[in-house]
Amino acid sequence: MCIRDRYTTGKGASAVGLTANVHKDPQTREWTLEGGALVLADKGICLIDEFDKMNEHDRTSIHEAMEQQSISISKAGIVANLQARCAIIAAANPVKGRYDSQLSFMDNVDLTDPILSRFDILCVVKDEVDPDVDFQLATFVLNSHIKNHPNNKNKEGVKFLEDIETTHRTNNTISQDLLKKFILYARQYVKPRLSEINKDKLTKFYQELREESRNSGGFNVSIRHFESIIRMAEAHAKMYLREYVRDDDIDLAISVMLESFIQSQKFSVAKIIKKKFSKYIRVREDTNSLLLHILGRLVRDQIQYMQILSLSLIHI
């Protein structure tokens, strides 16, 4: 969905591999400059897996790239400033192997405040047991294997496992190529401006959130997070190809930032903060998906009951 992207892992990445490297060419015997993953992903996305496994020195090397969107080099007589205007998506594992909701985000992940404050959003992904979600996930994986089998290239006469949600889902999705063109067009030509927005609400929210971060713990809220709210609001306006950022864009950005802050807290503290900032939380419930979820469960229960009933009649 982007012009270019780069993938790397925490164990397989170093400071020069992420930023830039100066080395002597074996043939010309001259010093040459080579860009790292962040430079090669300029105007794209850089994916870093196992972020917690990186050396602290290597993580510190990307501070400038995440803050200034550029990398400064001054080695072997070469002075350069390389563009690194890319989004960074990093994934890290908890220290104890499983996320503990009774502890804060800082206690679960071995990462420092300077690097965490440079991310716009912190997402806590938990592997929770849910029979219906597990059923949908297992069905999706099985259908994916059936679809990608070498003998099923023509996709004619291929039988997939029945999925209650996908069966009732409307077929109004756009193709991946059209989605890619839409994203590229929005990124290149749409530049929303901040004009008619509730600035008092935005500044008041920042003041309240900063005060709460000092009292409750979690990650420290700084001016970088205020800039993150503005970037997310502009990104939401780009999705609708708007020329101006509206109040609903600001409300969504505030809701996302608040949800990220709440997830970084202990479970007991998170409930108190969620109640305190309830006026800023934007809730959009899809009642159709909820009814479809209940209907799918009823259908599966009815099918199991009919199967058991038919087996009982056969034995009789």
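The values are calculated or read from the model by the stated rules, or taken from the named source; none is laboratory data. Remember, predicted model here, so these are calculated numbers, not experimental data. A quick note on method: Cβ atoms are made from the backbone with ideal geometry, for glycine too, and the neighbour counts reach across all protein chains shown. When the accessible area is computed, the model is the full protein with side chains, heavy atoms only, and any ligands, DNA or RNA have been set aside. Shrake-Rupley method; radii C 1.70, N 1.55, O 1.52, S 1.80 Å.
Taking the residues in the range 136-150 that are open to solvent by 70 Å² or more (accessible area, probe 1.4 Å) and touching a residue at least 12 places away in the same chain (Cβ under 8 Å) as candidates, determine which candidate is nearest to E56 (Cα to Cα).
Within the range 136-150, the first condition is being open to solvent by 70 Å² or more (accessible area, probe 1.4 Å), and the residues that meet it are 137, 140, 142, 145, 147-150.
If we keep only those that are touching a residue at least 12 places away in the same chain (Cβ under 8 Å) too, we end up with 140, 142, 147.
Numbers: F140: 38, L142: 40, K147: 43 Å.
So, considering only residues that are open to solvent by 70 Å² or more (accessible area, probe 1.4 Å) and touching a residue at least 12 places away in the same chain (Cβ under 8 Å), the one nearest to E56 (Cα to Cα) is F140.
So, of the residues in the range 68-100 that are more than 30 Å from V125 (Cα to Cα) and of a type in the set (A, V, I, L, M), which turns out to be surrounded by the most Cβ atoms within 10 Å (Cβ to Cβ)?
Step by step, filter the range 68-100, then rank; the result is I71.
Which residues, counting only those in the range 1-22, are of a type outside the set (A, V, I, L, M) and touching an Asp or Glu at 6+ places or on another chain (Cβ under 7 Å)? It would help to see each step written out before you state the result.
So the first thing to find is which residues in the range 1-22 are of a type outside the set (A, V, I, L, M), and the list is 2, 4-12, 14, 17, 19, 21.
Result: T9, G10, K11, S14, N21.
Name the pairs whose Cβ atoms lie under 6 Å apart, with the first residue in the range 79-98 and among the polar types (S, T, N, Q), the second part of a strand (DSSP E or B), and 6 or more positions between them or separate chains?
Correct list of pairs: N81/S70; N81/S72; Q83/S70.
At least 1 residues that are hydroxyl-bearing (S, T, Y) and at pLDDT 80 or above in each: list the helices (runs of 4 or more DSSP H) lying fully within the range 162-255 that qualify. Break it down stepwise before answering.
Values: elements: 164-168, 176-189, 199-216, 223-239.
Where helices (runs of 4 or more DSSP H) fall fully within the range 162-255 and carry at least 1 residues being hydroxyl-bearing (S, T, Y) and at pLDDT 80 or above, they are 176-189, 199-216, 223-239.
Would the range 231-254 turn up any residue that is touching a residue at least 60 places away in the same chain (Cβ under 8 Å), in contact with a Ser or Thr (Cβ under 8 Å, 6 or more places away or on another chain) and open to solvent by less than 60 Å² (accessible area, probe 1.4 Å)? Working first, answer last.
First, the residues of the range 231-254 that are touching a residue at least 60 places away in the same chain (Cβ under 8 Å): 231-232.
Then drop every residue that is not in contact with a Ser or Thr (Cβ under 8 Å, 6 or more places away or on another chain), which leaves none.
No - not one qualifying residue is present in the range 231-254.
Just one of (1) open to solvent by less than 70 Å² (accessible area, probe 1.4 Å); (2) modelled with pLDDT of 85 or more trips up S289, so point out which.
Unmet for S289, out of (1) open to solvent by less than 70 Å² (accessible area, probe 1.4 Å); (2) modelled with pLDDT of 85 or more: (2).
Taking the range 103-116 as the region of interest, how many residues are touching a Lys or Arg at 6+ places or on another chain (Cβ under 6 Å) and modelled with pLDDT of 85 or more? Walk me through it before giving the result.
Going through the range 103-116, the residues touching a Lys or Arg at 6+ places or on another chain (Cβ under 6 Å) turn out to be 104, 115.
Subsequent filtering for residues that are modelled with pLDDT of 85 or more retains 115.
Within the range 103-116, residues that are touching a Lys or Arg at 6+ places or on another chain (Cβ under 6 Å) and modelled with pLDDT of 85 or more number 1.
Pairs please, first residue from the range 100-115 and closer than 23 Å to I48 by Cβ, second anywhere and in a loop (DSSP other than H, G, I, E, B) and aromatic (F, W, Y), Cβ atoms under 8 Å, 6+ apart in sequence or on different chains.
Once the first residue is closer than 23 Å to I48 by Cβ and sits in the range 100-115, its partners that are in a loop (DSSP other than H, G, I, E, B) and aromatic (F, W, Y) give F105/F219; M106/F219; N108/Y99; D113/F219.
Go through the range 26-71 and give me each residue that's under 15 Å from F119 (Cβ atoms), part of a loop (DSSP other than H, G, I, E, B) and either touching a residue at least 40 places away in the same chain (Cβ under 8 Å) or in contact with a helix residue (DSSP H, G or I) (Cβ under 7 Å, 6 or more places away or on another chain) (or both).
Of everything in the range 26-71, those that are under 15 Å from F119 (Cβ atoms), part of a loop (DSSP other than H, G, I, E, B) and either touching a residue at least 40 places away in the same chain (Cβ under 8 Å) or in contact with a helix residue (DSSP H, G or I) (Cβ under 7 Å, 6 or more places away or on another chain) (or both) turn out to be M54, I62.
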